1. Once you have a ≥ b ≥ c as the square roots of the Cα gyration tensor eigenvalues for segment 95-174, tell me rounded if a/c is under 1.5, and otherwise prolate or oblate according to whether a/b is larger than b/c.
2. At 7 Å along Cα-to-Cβ for each site, give me the label-to-label distance between residue 85 and residue 242 in nm.
3. Would segment 139-245 count as rounded, prolate or oblate if I go by the C-alpha gyration tensor, calling it rounded below 1.5 in a/c and otherwise prolate when a/b exceeds b/c, oblate otherwise?
4. Taking 24 Å as the cut-off for C-alpha to C-alpha distance, list the pairs among 190/236; 109/190; 169/190; 149/173; 149/172 that go past it.
5. Using a 10 Å cut-off around each Cβ, can you sort 219, 212 from fewest to most neighbouring Cβ atoms?
6. Roughly what would the spin-label model give for residue 208 and residue 191, points 7 Å off Cα along C-beta, in nm?
7. What are the ³J(HN,Hα) couplings of segment 109-122, residue after residue, when phi is run through the Karplus curve with 6.51, -1.76, 1.60 and θ = phi - 60°? Round to Hz, x for glycine and proline.
8. Given the C-alpha centroids of segment 177-252 and segment 80-132, what is the distance between them in whole angstrom?
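Read the figures in this text as sums done on the coordinates, not as results from a lab. Every value quoted in this text rests on a predicted model; they were computed, and no experiment measured them. Virtual Cβ from ideal backbone geometry, glycine too; neighbours counted across all protein chains shown.
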Amino acid sequence: MADPGTRAAASEPRSPWLRNGFVLAAAFLGFVTVVGGALVFTSDNSAKGEAPAAARPPTDRANSPSPHHPVGDGPCPELADEQQDVPTSAPRRVTWYLYDGVALPSSKKSGPAVTDKNVARCYAHSPVGALLAASQISVRYLAADDWRKVTRTQTVGPGRDFYISQRAKAEKKDPTEPNSGAHGQIAGFKFVTYNATTAVLQTVWRFSDGRMQAATTTMLWRDGDWRLEYPADPAKPVPLDSLAGYVEWGGV
């Protein structure tokens, strides 16, 4: 297997929106589960390098390493990645950083080029850029302190506003932190389709009990960056028995 890059170590605390056995990645859109309350939202129109390196110490969200560009709504800096071939092996020169206990990938060539503790933006207009954007945004819109900002600025689609309103209501009703539970980690990927405006890919998540699920994510190139599409009726993740047919890739 191609080396996935510098790996991250596990950390605490974990967001309650990343618990209960799975991470709500881009393709889990609308299926938010909270431990303890067993609260589930569904959006149905009625209704988160090079050679192997030693593990890095845990990195909290506020101090997550990243290229040194200020966060804002301005234009993105140019990135070196112009490769348009869909990757069939693990992207090289990727470093994994912990974000609320979940290892997320970053690359100087492919992005994110602009990051603060909530938003990670500015990805290369390439398949690898779309893959990194899907990995980052799908976790941050669940786990970020300012998840509303992430959702409003980095997701598009008919299900977005419903998710925001329902999550806000749930947090207002029960702001209590649930007990800690399992959370998923990225384990692999494959592209379904890719062109200059749309990337459809599947991300595999592995959980602490060994279960795996594949989730389909659509990324759209809008206003000079990749945005996560939040559909009104998202597809449920599919259980997997193995990584056969997928590129093995992950930070832990």
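1. Verdict is prolate for segment 95-174.
2. 2.7 nm
3. Since a/c reaches 1.5 but b/c is at least a/b, the shape of segment 139-245 is classed as oblate.
4. Cα-Cα > 24 Å for 169/190; rest within.
5. 212, 219
6. The two pseudo-label positions are separated by 3.5 nm.
7. 7, 10, x, x, 8, 10, 8, 10, 6, 10, 9, 10, 9, 6
8. That distance is 14 Å.
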